[in-house]
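**Q** Got a structure here, written out as structure tokens. Questions coming.
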Amino acid sequence: MINGSRWTIGFGFTGKTKGRVDDGVCRYATNRIVIQASHNGRFRSLEECVIHEVAHAVLPQIDEATILHLGEITAKVLIKMRAAEPHKH
Ligand SMILES: [Zn+2]
């Protein structure tokens with residue numbers, strides 16, 4: 001549930017912008033997020049794409065540059081935290 005509505009997310013065809021495959025797309029009309037599969041030429045990590053598109057869905061009024069920054073930073077921090085997480089044996 002996002003902002004009171006049920007959304008779906010999955011892999012699929014996202015479209016192209018200026019000849020390049022879009023990593024993901026947030027479709028407000030149908031409450032659906034589509035993520036490009038890596039084998040179809042996705043540029044960014046899955047983590048970054050999911051964070052980015054979910055952020056668009058949750059915060060539709062926020063500009064693209066801010067959402068791009070959020071996705072980039074959060075994905076980087078996730079990778080560092082994952083590497084630093086202590087493991088129990
Ligand atoms: Zn975006």
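**Q** So what's the angle, to the nearest 10 degrees on a 0 to 90 scale, between helix 46-58 and the longest Cα principal axis of the chain?
**A** Helix 46-58 and the main axis of the chain meet at about 50 degrees.
**Q** Expressed in nm to one decimal, what extension gain is obtained for the pair residue 47 and residue 59 from 0.36 nm per residue of sequence separation less their Cα-Cα distance? Kindly include the intermediate steps, with their values, before the conclusion.
**A** Values: separation 12, 0.36 × 12 = 4.32 nm, distance 1.78 nm.
Full extension from residue 47 to residue 59 adds 2.5 nm.
**Q** Do any trypsin sites (Lys or Arg not before Pro) in segment 1-57 lie in a loop, going by DSSP, with at most 13 other beta-carbon atoms within 10 Å of their beta carbon, and if so which?
**A** Numbers: sites: 6, 16, 18, 20, 27, 32, 42, 44; in loops: 6, 18, 42, 44.
Here the trypsin sites (Lys or Arg not before Pro) that fit, given the DSSP loop and packing criteria, are 6, 18.
**Q** Work out the length of the dipole vector of the chain about its Cα centre, built from +1 on the beta-carbon of each Lys and Arg and -1 on the beta-carbon of each Asp and Glu, and round it to the nearest 20 debye. Provide the component values of the computation, followed by the final result.
**A** Values: 12 positive and 9 negative charges, 46 e Å.
Roughly 220 debye for the chain.
**Q** Moving on to the next point. Using only DSSP helix segments of four residues or longer, with each worth -39500 (n - 2.57), what per-residue ellipticity at 222 nm results for the chain after dividing by its residue count and rounding to 500?
**A** Numbers: 2 runs with 34 residues, N = 89.
Per the formula, -13000 deg cm²/dmol.
**Q** While we're looking at this one, here's another question. Please give the length that would be gained between residue 73 and residue 30 if that part of the chain were fully extended, namely 0.36 nm times their separation in residues minus their C-alpha to C-alpha distance (nm, one decimal). Each step should come with its number before you reach the end.
**A** On the way: separation 43, 0.36 × 43 = 15.48 nm, distance 2.80 nm.
Full extension of this stretch gives 12.7 nm more.
**Q** Note the count of lysine pairs whose C-alpha atoms are less than 29 angstrom apart in the chain, limited to pairs 8 or more residues apart or on different chains. Show your work: numbers first, answer last.
**A** Working: 16/76; 18/76; 76/88; 80/88.
Qualifying lysine pairs in the chain: 4.
**Q** If you average 1/r across every pair of different Cα atoms in segment 8-84 and take the reciprocal, what Kirkwood value do you get, in Å?
**A** On the way: mean 1/r = 0.0779 Å⁻¹.
After inverting the pairwise mean of 1/r, the radius is 12.8 Å.
**Q** For residue 6 paired with residue 66, estimate the spin-label separation in nm (one decimal), with each label point 7 Å from Cα along the Cα-to-Cβ line.
**A** My value for the distance between the label points is 3.1 nm.
**Q** Set the Förster radius R0 to 35 Å, insert the Cβ-Cβ distance between residue 85 and residue 17 as r into 1/(1 + (r/R0)^6), and round the FRET efficiency to 0.05.
**A** Working: r = 36 Å, r/R0 = 1.02.
For residue 85 and residue 17, the calculated efficiency is 0.45.
Here, each number is a calculation from the coordinates, and none is a lab measurement. Keep in mind that what you see is a predicted model, and the values were worked out from it rather than measured. No Cβ is skipped: glycine too gets one built from the backbone with ideal geometry, and neighbour counts run over all protein chains shown.
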